[in-house]
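A short write-up of the structure that comes next.
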Amino acid sequence: MDRREVAALLAYIGRLDPRTIRTHPGEAGDQLAQWHELIGDVPMATQHGWDARVAARQHIRTSPYQILPADIARPWESYRHDRLARHTDPTPSADPDDQAAWTAELVGTRRAVAAGAAQPAQARAITSGRNGIDPRLEARLREIGSCIPPAARAALAPHRPARAAREAAIAQGLPDALSVRCEWCQAQPGEPCRRRRIGPDDNVRITTPRATPHPGRLDLATDRQPDRAQQSARA
């Protein structure tokens, strides 16, 4: 704020709280100089929610104490910090090899956000728990059937045989064996079965993942499949 804006703010405050009015020319000048020195870097208003008059009015409404410059500066600092906390730096349009231009654009964006001249740029989540999945993402997933493209899934299949076998079984309408715990190797739901190697002393030496589940685990998943189908139908 320049001196004229500070004088306008003091006049507004004086109408709400006459205790702040200074009738003597010398006292009024000193008050104006003091306020301008302390809140000269605080804007009167911004495009995005800040107004010094609102902060002054809020203090006068809620506090029995006479307003001070700090009662304007504190809400302004809180406003700045809140906006920067909600801001995620967007990728600058400057050449990444030009470090000075890249940094200058980042700093300029942050200053504009903090000063209320620009809105915070927030990173958009793929999904949000409270509002549900983004409708555009949901439509895209329905279109392609999976967040992993078919070509990428096929390329990954040799490197994760257990998952590939599971997906193939589900695609054929067979029970999902990995949805239950394996009673033989103690693999938890979602984990592949493991092959145990027994040493000469009858102790387990090493376990390695199996590409296919143990037959008993598949039987258990088959037995539980009708129960799950009934639960889905009731839901």
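Just to make sure I understand: if all protein chains stay in place, what is the order of VAL180, VAL107 by accessible area at 1.4 Å, largest first?
On the way: VAL180 0, VAL107 55 Å².
Order by accessible area, largest first: VAL107, VAL180.
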Among CYS185, CYS193, what's the order by accessible area (1.4 angstrom probe), most exposed first?
CYS185, CYS193
In nm, to one decimal, how far is the modelled label at HIS24 from the one at ALA157, with both set 7 Å along Cα→Cβ?
9.2 nm
For ILE170, solvent-accessible area (1.4 Å; no DNA, RNA or ligand), Å²
90 Å²
Heavy atoms of HIS81: accessible area, 1.4 Å probe, square angstrom to 10:
110 Å²
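Ranked highest first by the average count of other Cβ atoms within 10 Å around their residues, in what order do 68-75, 28-35 fall?
68-75, 28-35
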When all protein chains stay in place, what accessible area (Å², nearest 10, 1.4 Å probe) is found for TRP50?
20 Å²
Would you calculate the separation in nanometres between label points at LEU174 and ALA101, each defined as 7 Å from the Cα along the Cα-to-beta-carbon direction?
5.8 nm
By accessible area with a 1.4 Å probe, ligands and nucleic acids excluded, highest first: order of SER63, SER78:
SER78, SER63
Accessible area of the stretch 1-134 belonging to carbon and sulfur atoms, whole % at 1.4 Å probe:
52 percent
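Pull out the extension gain between ARG196 and SER63, defined as 0.36 nm times the separation in residues minus the alpha carbon to alpha carbon distance; nm, one decimal.
Length gained between ARG196 and SER63: 40.6 nm.
The values are calculated or read from the model by the stated rules, or taken from the named source; none is laboratory data. Every value quoted in this text rests on a predicted model; they were computed, and no experiment measured them. So basically every Cβ, Gly included, is an ideal-geometry build from the backbone, and we count neighbours across all protein chains shown. Only protein heavy atoms, including side chains, enter the accessible area calculation; ligands, DNA and RNA are left aside. Shrake-Rupley method; radii C 1.70, N 1.55, O 1.52, S 1.80 Å.
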